[in-house]
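Down below is the structure, laid out as structure tokens.
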Amino acid sequence: MNPTDAIRPAHVEVSLGAIAQNYDAIRAHVGTASVMPVVKANAYGHGIVEVARHLMNHGAPCLGVALLEEAVVLRQAGITLPILVFGGVATRQIPQFIAHDLMMAASSIDKLRQIDEAAAAVKTKARVHLKIDTGMERIGVHWYNAEKLLEASLSFINVEVAGIYSHFANSDAADLTSAREQLARFLEVLEFYPKRGLQSPQRHIANSGGILQLPESHLDLVRPGIMLYGVYPSKEVPHTVTLQPALSWKSQVVYFKVVQPGSPVSYGATWQSDHPVRVVTVPVGYGDGYFRALSNRGQVVIRGQRHPIAGRVCMDQFMVNLEWGTAYNGDAVTLIGDGISAQDVADWAGTIPYEVLTNINSRVPRVYV
Ligand SMILES: *Cc1c(COP(=O)(O)O)cnc(C)c1O
């Protein structure tokens, strides 16, 4: 039986092979730097456990996620790699981080002290990456206050500083002035270690934009997210690494009809034709994460042809205007793939490809190929 026979006529197909190929392409591009695949937000919609397991078996040395909960899901699925959790650490979560052997982001002396005490209580060593804010103004100690944190971090005997990192706010832009400024600030902070004759912990700042556009930012480790999934972070970045999109979103025609002029289609009557047209219904909606903003703007591919969405996207269905094109019930409908990129969908919906991918929710079955 075909794996899609047993599921609703809408699914996402994920090529784990494409993800592994993208990982290899990134590795080749960054030379000696190590690669930390970022699998937060359900691996950008691709399925966190399947993607993490595939990358582990493919030789990835570590993983990055945003939340404690995401890392715990990976541990429960048997993922034994080092995992860095990027987000902030609430004091009450520290024992769980330690129990699951997860690396924490630390950006204050106070937090380091709490981590040190929690580790001492269970007679272990906690691993942290110091988080330096070089201009994102999100989390992290400001670069101009970092020295005290680095100094203090040397004195907590139950804490191992495994890494030190920062994050770019504008590495996917055409103008790299601010990204270069962030990198310069970070490099200045890092001088702390050689100045004292100390070995630096693993130094990292590059996300996809940095990997593609700023080779000097690769340092010891890079943290690709979106590009691992075969999507460029913006339309501005040069394609210095060749990537393969890993995800396609497929559905089927479930209804066919001819709509007469004067009969508007879907909620709000926002679309109608001045001549009879063929219209088909596709069983996907904003309840699956297919943006309502695609109403009267998005396109799909049926039988190799692009066709526009007619009227509003509903929660569970939307309609497509074939004009006089041909389609039968059961025909494949491609929402992403067959020449429609996540960037195209993002442009139509007024957002970025990151949101298009992470928005595809658990109602849509994932099929791995
Ligand atoms: C999400 C994230 C990344 C990956 O970013 P991309 O632009 O998808 O490559 C890297 N580092 C941190 C800290 C992140 O939060």
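The values are calculated or read from the model by the stated rules, or taken from the named source; none is laboratory data. Note that the structure is predicted; figures quoted are calculated from it, not measured. Here Cβ is always computed from backbone atoms with ideal geometry, including for glycine, and neighbour counts include all displayed protein chains. Just the protein is used for accessible areas: all its heavy atoms, side chains included, with ligands, DNA and RNA removed. Shrake-Rupley method; radii C 1.70, N 1.55, O 1.52, S 1.80 Å.
Residues that are among the aliphatic types (A, V, I, L, M) and buried (at least 20 other Cβ atoms within 10 Å of the Cβ) were ranked within region 31-43; the one that is nearest to the ligand (Cβ to nearest atom) is VAL38.
Per-residue answers, yes or no, for (1) within 14 Å of the ligand (Cβ to nearest atom); (2) in the same structural domain as ILE352 (by TED's automatic domain parsing); (3) open to solvent by 30 Å² or more (accessible area, probe 1.4 Å):
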position	(1), (2), (3)
ALA162	no, no, no
SER166	yes, no, no
ASP172	yes, no, yes
ASP175	no, no, yes
PHE192	no, no, no
ALA206	yes, no, no
LEU212	yes, no, no
PRO215	no, no, yes
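Using the structure shown, decide if GLY197 is open to solvent by less than 10 Å² (accessible area, probe 1.4 Å) and at pLDDT 95 or above. Criteria not met by GLY197. Based on this model, can you work out whether ASP338 counts as touching a residue at least 60 places away in the same chain (Cβ under 8 Å) and either basic (Lys, Arg) or open to solvent by 60 Å² or more (accessible area, probe 1.4 Å) (or both)? Against the criterion (touching a residue at least 60 places away in the same chain (Cβ under 8 Å) and either basic (Lys, Arg) or open to solvent by 60 Å² or more (accessible area, probe 1.4 Å) (or both)), ASP338 qualifies.
In summary, no strands (runs of 3 or more DSSP E) completely within region 286-340 bear 2 or more residues that are under 21 Å from PRO261 (Cα atoms) and out of contact with any strand residue (DSSP E or B) (no Cβ under 7 Å at 6 or more places or on another chain).
Quick check on region 236-254. Is at least one of its residues under 28 Å from LYS125 (Cβ atoms), within 12 Å of the ligand (Cβ to nearest atom), open to solvent by less than 20 Å² (accessible area, probe 1.4 Å) and of a type in the set (A, V, I, L, M)? Before you say what the answer is, go through the steps one by one.
Going through region 236-254, the residues under 28 Å from LYS125 (Cβ atoms) turn out to be none.
There is no residue in region 236-254 that is under 28 Å from LYS125 (Cβ atoms), within 12 Å of the ligand (Cβ to nearest atom), open to solvent by less than 20 Å² (accessible area, probe 1.4 Å) and of a type in the set (A, V, I, L, M).
Scanning region 89-112 for residues that are over 16 Å from GLY64 (Cα atoms) and touching a Phe, Trp or Tyr at 6+ places or on another chain (Cβ under 7 Å) yields a total of 1.
Considering only region 67-88, I want to know if a residue exists there that is open to solvent by 40 Å² or more (accessible area, probe 1.4 Å), out of contact with any Phe, Trp or Tyr (no Cβ under 7 Å at 6 or more places or on another chain), within 16 Å of the ligand (Cβ to nearest atom) and of a type in the set (A, V, I, L, M). Looking for residues that are open to solvent by 40 Å² or more (accessible area, probe 1.4 Å), out of contact with any Phe, Trp or Tyr (no Cβ under 7 Å at 6 or more places or on another chain), within 16 Å of the ligand (Cβ to nearest atom) and of a type in the set (A, V, I, L, M), one finds at least one in region 67-88, hence yes.
Entry remark, region 177-190: residues being small (Gly, Ala, Ser) and within 16 Å of the ligand (Cβ to nearest atom) number 2 in total. With respect to the conditions (1) more than 21 Å from the chain's Cα centre (by Cα); (2) at pLDDT below 95, GLY88 lacks only one, and its number is (1).
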